[in-house]
Structures are given as structure tokens and as C-alpha cells.
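So the structure is just underneath, and the comments pick up after that.
Each reported figure results from applying straightforward, stated rules to the coordinates on display, with no laboratory input. Fair warning: this is a prediction, and the values are worked out from it, not measured in the lab. Here the Cβ positions follow ideal geometry from the backbone for every residue, glycine too, while neighbour counts run over all protein chains shown.
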Amino acid sequence: MENKSLEIVKKTEDNLLPLHIKSALESQMLPEERKFIYDALQPKIKDIEIVTCIETLIDVISSAYVMSGQSIDEQQKAIYASETYNRLYEIYPAVTAEEVRTAIANGVFGEYGEYFGLNPKSFVGFVKSYLLSVKREMAKELYGNIKKRVDAEREEVPPYHTDEYWTPEKVTSWVSITETCYEWYLNDDPMIEATAEGVYWLLKRRNRISMTQDYINELMELAKAKERRLLLLNEDRKKGDEVKYLLSCIDDLNKDRYVHRNIRLCAKKIAVFKYFEQCKKEGKKFIY
């Protein structure tokens, strides 16, 4: 089997997590906490070819010696890498190559494990201490809570477009919700931004909103402009590269399905607000 290079087996941050999870981590976790998570999501040593993994360990050990101001010959380095790999594979097969790299690098500076000289015993000890560290466990718990919450918020939306969804009970419920949203609109209540997608579908089914292709295109452009403004307003909370990426996704909606969905949801909300504005001009206090 052809060997994979380290550059091939290592995943970039953009490929580790869906954008909606990554964005949540960027805003709710410290860089050190995120690194624990990103390192843990890299390929595990049990899933990497032996030769590739040992080559990676040789590189890691070389760096450790450079950082400590010591030297080691190539033959000894290869022996240490092989011994370290065998021991890690035996007791921590699910550890990732990046976690090993981080553990040994920080272990050299005394952050993890006991120091017995630069040798396999110390290297494995560094990894053990890293995996059991309180900071790592806290980061994993925080990540789990964030992911659970964000995923719950992104559960599949009900099939609003199907006739089966719109039972008499559902219609009654959404009529009430629509009236509440319209009241928010009349009172300039910030809660209006919480208008749910079902309001759009109710108005559309009852022919209160007419959606021609030209109108859809207009709404999508308005939604893109709104999302750009919001993104730039919060630019200081995001990395420059992330802002650039999200802006490019708004320009090319085929680039990221999550951004595409958000734009479509925003466009539907704008359609609802435009209808509400029309009702307000007509002096209506209620929609139905």
C-alpha cells in the first residue's frame, strides 16, 4: 500500500467540523481549549500507516531535541520513534498524531508528565499526562455541551411545504404565532427577529405572500446584504480568515450549505416583514 504523507493524513481546521459547530467554538471557547478539540479530531495513530506514524514521531522527537538544546543521531532517533510508537499503540491507540505532537512539545517545557530525559519513557509519560489533564477534560466537556446545544438548534425543520403538515391544529397554532409576530412588528419589539419559518409558510399557503421568481431573487439579494452587514458588525469577534470565508460563501451560495440555508431563512423572514409592513400601512391591527 502506498504510504500517505503527513500533509495528507492531517486534516485542516476547516475540514474537522461543520461550519455551524466551528463558528460556535470560535465564539465560545478559548484558543487553548479549541486546540484540545481540534487535535483530538485528527487521525488516530491506530488508523495511520505504521511507517507514516513513525516518520511523524521522528519529526516530533527531532523538534523536542531542538527545543531542549540537545542532539541525537539519526539511528537513535529512529529507535526512539519506533519504541514510542509501539508503546503508544499498545496503551493509547486512539490518541491522535497531533495530540502526541502537542503533548511531547509541551512536556519538554515541563507542562505534562515527569521528565526522565528525552527518551520513550518520558515521551509516553508526556502523552499520558496530556490525555488525563484537567484542562483537556474541561475542554472536552465544554465542547460536548456546545455541540449538543448547537445541534439541537439545527434539528431538521418540519416539512412546512407538505400538505400533511398543515393539520387544523397546526394551522390554529401558526395563526396564533403569526399574530404574536405581527404584534412584535407593530411595537418595534426586538423579538420580531425570532419570527419562525412556519409564519412564512402559513402566509404563503394562504396566498398572503406571492412568490414570483423576480421577487425571490430580490429577497435573496436583500438577505445577502443583511447577512454581510451583520457579519461585518461582529467582525471583531471572528478571525479575519473566517470573515473572509463567510463573505465568500454569501457571494457563492453553493460553497457552504449551512450559509445557503441561513440566507434562504433570512429571505423568508424579510418576505414576512414586507407583508407585515403592508398590513401596517393598511391600518390592520390583526392579520386574521
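In region 90-193, with Lys and Arg counted as +1 and Asp and Glu as -1 at Cβ, which of these residues, V175, A139, I192, has the Cα nearest the positive end of the dipole, that is, farthest along it?
Working it through, the farthest residue towards the positive pole turns out to be A139.
Could you give the length gained on full extension between S210 and R149, defined as 0.36 nm per residue of separation minus the Cα-Cα distance, in nm?
Details: separation 61, 0.36 × 61 = 21.96 nm, distance 3.52 nm.
Full extension of this stretch gives 18.4 nm more.
With the crude spin-label approximation of a point 7 Å out along Cα→Cβ, what separation in nm comes out for N119 versus M138?
3.5
Classify the chain from the C-alpha gyration tensor, please: rounded if a/c falls under 1.5, else prolate or oblate depending on whether a/b exceeds b/c. Write out the running numbers ahead of the final one.
Working: a/c = 3.16, a/b = 3.09, b/c = 1.02.
Prolate.
What order do you get for C266, C53 when you list them from fewest to most C-beta neighbours inside 10 Å?
Numbers: C266 19, C53 24.
Final ranking by Cβ density, sparse to dense: C266, C53.
Return the subset of K22/K224; K244/K274; K140/K226 for which the Cα-Cα distance in this structure is over 27 Å, preserving the input order.
Details: K22/K224 21 Å; K244/K274 30 Å; K140/K226 34 Å.
Flagged as over cut-off: K244/K274; K140/K226.
Taking each full run of DSSP H in the chain as one helix, which ones are at least 24 Å long along their axis (Cα atoms) and have mean Kyte-Doolittle hydropathy of at least -1.0? Write out the running numbers ahead of the final one.
Values: long enough: 50-68 (27 Å, 1.50); 74-91 (26 Å, -1.02); 134-153 (29 Å, -1.08); 168-186 (27 Å, -0.26); 213-233 (30 Å, -0.30); 257-281 (36 Å, -0.56).
In the chain, the long hydrophobic H runs are 50-68, 168-186, 213-233, 257-281.
Size of the dipole of the chain about the Cα centre, Lys and Arg at +1 and Asp and Glu at -1 on the beta carbon, nothing else charged, in debye to 20? Kindly include the intermediate steps, with their values, before the conclusion.
Working: 44 positive and 48 negative charges, 191 e Å.
It comes to approximately 920 debye.
Tell me the volume per residue, in Å³, of the convex hull enclosing the alpha carbons of region 6-142. The partial results should precede the final answer.
Values: hull volume 14.5 nm³, N = 137.
With only Cα atoms used, region 6-142 gives 106 Å³ per residue.
State the answer as a single residue: which of T162, L16, I72 lies farthest towards the positive end of the charge dipole of the chain, with beta carbon charges of +1 for Lys and Arg and -1 for Asp and Glu, about the Cα centre.
In the chain, that residue is T162.
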